[in-house]
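Inspection log for the structure reproduced underneath, given as structure tokens.
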Amino acid sequence: MFSSTTGIIHFIASIIALITGTFVLGLTKGTQKHKRIGYVYAIAMLILLITSFMIYQLHGRFGILHIFAVISSIVLLAGIVPMIFKRPKEYFVYHFNFMYWSVIGLYCAFFAEIFTRIPFWLDLKQNIAVIFYAIVGITTAAVGGIGSKYFKKYKSTWENMYKAH
């Protein structure tokens, strides 16, 4: 990842997005602080996603990680666009829902990135692709599952906060 300027930019953008995304989830929604940090998150994510397509692809082809990057791009834009155009009527709810999942998706990618390094650290030589993709699947399911539980628990409270705007 650090073998190129693109990789370094990707890494820095990911750290900024992780930090600001965490703050945005925890902050009171709609405040100036929330908005400012949210803009930083969105810009960092855009940079992160653009550079993800510029980094050398595993096996020289468009892979599963790029598919996740496409999905993440769609989710991010689906969270940003309603706020820009103030449409549809309940655009705050759309914004919240998609931006929440944008951050959870980033957490999934972060943990997948960390845990997929384990086979390389252990110097495993056999079935590395199978192990790699199993780890991606397990970490994504675990983090997404935890995110889903929080989402279900707080969704109605957060939507009522947004409807008040």
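How much of Tyr39 can a 1.4 Å solvent probe reach, expressed as accessible area in Å² and rounded to 10? That residue has around 150 Å² of solvent-accessible surface. For mean projected area of the Cα convex hull in nm², several values are listed as (1) 10.2; (2) 8.6; (3) 11.3; flag the one computed from this structure. Looking at mean projected area of the Cα convex hull in nm² for this model, the match is (1).
Estimated at the nearest 10 Å², the accessible area of Arg117 is 90 Å² with a 1.4 Å probe. A 1.4 Å probe run over the protein chains yields, for the chain, 63 Å² of accessible area per residue, whole-number rounding. Karplus-derived 3J(HN,Hα) values for the range 140-146, using 6.51 cos²θ - 1.76 cosθ + 1.60 with θ = phi - 60°, are 5, 5, 5, 5, x, x, 5 Hz; glycine and proline are entered as x.
By how many degrees, between 0 and 90 and to the nearest 10, does the Cα long axis of helix 32-52 differ from the longest principal axis of the chain? Long axis of 32-52 versus the principal axis of the chain: about 30 degrees. Surface composition of the chain: carbon and sulfur make up 71 percent of the accessible area, probe 1.4 Å. A dipole drawn for the chain from +1 and -1 charges on Cβ atoms has a positive end, and of Leu106, Leu65, Phe23 the residue lying farthest that way is Phe23.
Among Ile128, Ile43, Ile12, the largest mean-square fluctuation in a Gaussian network model of the chain, built with springs joining Cα atoms closer than 10 Å, belongs to Ile128. Per-residue accessible area (protein heavy atoms, 1.4 Å probe) orders Val75, Val70 as Val70, Val75, starting from the largest. Take the Cα of Val70, step 7 Å toward its Cβ, do the same at Ile15, and the gap between the two points is 3.1 nm.
Couplings for the range 3-19, taken from phi via the Karplus curve 6.51 cos²θ - 1.76 cosθ + 1.60 with θ = phi - 60°, read 7, 8, 4, 4, x, 5, 4, 4, 4, 4, 4, 5, 5, 4, 5, 4, 5 Hz in order; Gly and Pro are left as x.
Note on Glu90: accessible area is roughly 80 Å² with a 1.4 Å probe, heavy atoms of protein only.
The values are calculated or read from the model by the stated rules, or taken from the named source; none is laboratory data. Only a predicted model underlies this, so the values are computations on that prediction, with no experimental measurement involved. No Cβ is skipped: glycine too gets one built from the backbone with ideal geometry, and neighbour counts run over all protein chains shown. Remember, those area values only see protein heavy atoms, side chains included, never the ligands or the DNA or RNA. Shrake-Rupley method; radii C 1.70, N 1.55, O 1.52, S 1.80 Å.
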